[in-house]
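The values are calculated or read from the model by the stated rules, or taken from the named source; none is laboratory data. Treat the numbers as computed from the prediction; the structure is a model and nothing was measured. Glycine also receives a Cβ, built like all others from the backbone with ideal geometry; neighbour counts cover every protein chain displayed.
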Amino acid sequence: MNDDYRYTIKRFHRLNIIHRFHIHRIAENTGLYFGQPPILLFIAENDGCTQKELAEKLGVSTPSIATSVKRLERKGMIKKSEDEKDRRYCRLSTTETGSRLCQDYKRLCHDMEELMFQDFSKAECEQLSGYLERLTTNLSTQEILNKTNFAIIEEDKKIKSMRKEKEKYD
């Protein structure tokens with residue numbers, strides 16, 4: 001392997017570690033455990049969702065979601081309610097506390113992202129995004145995709161969708 005590639009890959013790994021560290025601290029500062037923000041954010045954005053929908057979207061098992069939901073409910077961040085049409089289903093929604101924590105978490109993440117890209121021009125951000133897209137495409141062979149967790153693919157679709165939505169407002 002070319003040493004230049006190896007150096008670049010190490011920089012990606014280092015950036016990923018530092019980014020995860022900041023996300024972990026943001027979660028702690030808002031009173032959440034590391035894995036809870038995606039759950040709470042999904043519930044906030046999909047009021048009335050079921051645990052099964054939540055598990056499918058996050059690519060995890062329903063029992064693991066049930067445990068997290070119980071913890072969030074005990075902390076007063078979410079509430080369960082019976083489905084009016086089918087009492088077998090529980091609908092999830094955020095409480096006022098949960099909604100406030102979501103807003104705090106989003107604000108802190110936004111601040112971190114602003115810091116991360118503070119010295120980048122819009123053109124540099126677009127160029128970097130293009131490079132990352134090409135790297136992703138280069139690694140997205142069918143063989144690798146068959147072995148990869150499809151949550152990664154879904155996340156990539158979400159990012160592309162968010163990018164298109166952002167372009168509407170730019």
Item to complete: Could you identify the single residue in Arg20, Arg14, Arg25 that is more than 18 Å from the chain's Cα centre (by Cα), in a helix (DSSP H, G or I) and not aliphatic (A, V, I, L, M)?
Response: Arg14
Worksheet entry | Among residues of the range 1-32, those that are touching a helix residue (DSSP H, G or I) at 6+ places or on another chain (Cβ under 6 Å) and among the hydrophobic types (A, V, I, L, M, F, W, C), counted | 2
Practice prompt. May I ask you to list the residues in the range 46-68 that are within 19 Å of Gly98 (Cα to Cα), among the β-branched types (Val, Ile, Thr) and not in a helix (DSSP H, G or I)?
Written response: Thr50
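Do we have any residue at all in the range 22-45 that's of a type outside the set (Phe, Trp, Tyr), farther than 26 Å from Asp111 by Cα and exposed (fewer than 15 other Cβ atoms within 10 Å of the Cβ)? Lay out the reasoning, then the answer.
First, pick out the residues of the range 22-45 that are of a type outside the set (Phe, Trp, Tyr): 22-32, 35-41, 43-45.
Filter again for farther than 26 Å from Asp111 by Cα, leaving none.
No: the range 22-45 contains no residue that is of a type outside the set (Phe, Trp, Tyr), farther than 26 Å from Asp111 by Cα and exposed (fewer than 15 other Cβ atoms within 10 Å of the Cβ).
Please tell me if Glu84 is out of contact with any Cys (no Cβ under 8 Å at 6 or more places or on another chain), at pLDDT 95 or above and either surrounded by fewer than 15 Cβ atoms within 10 Å (Cβ to Cβ) or of a type outside the set (Lys, Arg) (or both). Reasoning before the result, please.
On the way: out of contact with any Cys (no Cβ under 8 Å at 6 or more places or on another chain): yes; at pLDDT 95 or above: no; either surrounded by fewer than 15 Cβ atoms within 10 Å (Cβ to Cβ) or of a type outside the set (Lys, Arg) (or both): yes.
So Glu84 does not fit the description; no.
Being of a type in the set (Phe, Trp, Tyr) and over 16 Å from Asn46 (Cα atoms) is the filter; apply it to the range 87-118 and report the residue that is surrounded by the fewest Cβ atoms within 10 Å (Cβ to Cβ).
Within the range 87-118, the first condition is being of a type in the set (Phe, Trp, Tyr), and the residues that meet it are 89, 105, 117.
Subset that is over 16 Å from Asn46 (Cα atoms): 105, 117.
Working: Tyr105: 22, Phe117: 13.
This residue is Phe117.
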Worksheet item: Do you know which residues across the range 69-99 are part of a helix (DSSP H, G or I) and more than 19 Å from Ile23 (Cβ to Cβ)?
Response: Val69, Lys70, Glu73, Arg74, Glu96, Thr97, Ser99
Worksheet entry | Matching residues, the range 1-21, being exposed (fewer than 11 other Cβ atoms within 10 Å of the Cβ) and closer than 19 Å to Cys102 by Cα | Phe21
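Which of the residues that make up the range 72-86 are charged (D, E, K, R) and either touching a strand residue (DSSP E or B) at 6+ places or on another chain (Cβ under 8 Å) or within 14 Å of Leu32 (Cβ to Cβ) (or both)? First the steps, then the outcome.
Here is the first cut: in the range 72-86, the ones charged (D, E, K, R) are 73-75, 79-80, 82-86.
Selection gives Glu73, Arg74, Lys75, Lys79, Lys80, Glu82, Asp83.
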Discussion item. Condition check: touching a residue at least 12 places away in the same chain (Cβ under 8 Å) and either surrounded by fewer than 17 Cβ atoms within 10 Å (Cβ to Cβ) or assigned by TED's automatic domain parsing to the domain that holds Tyr33 (or both). Does Arg74 satisfy that?
Written reply: no
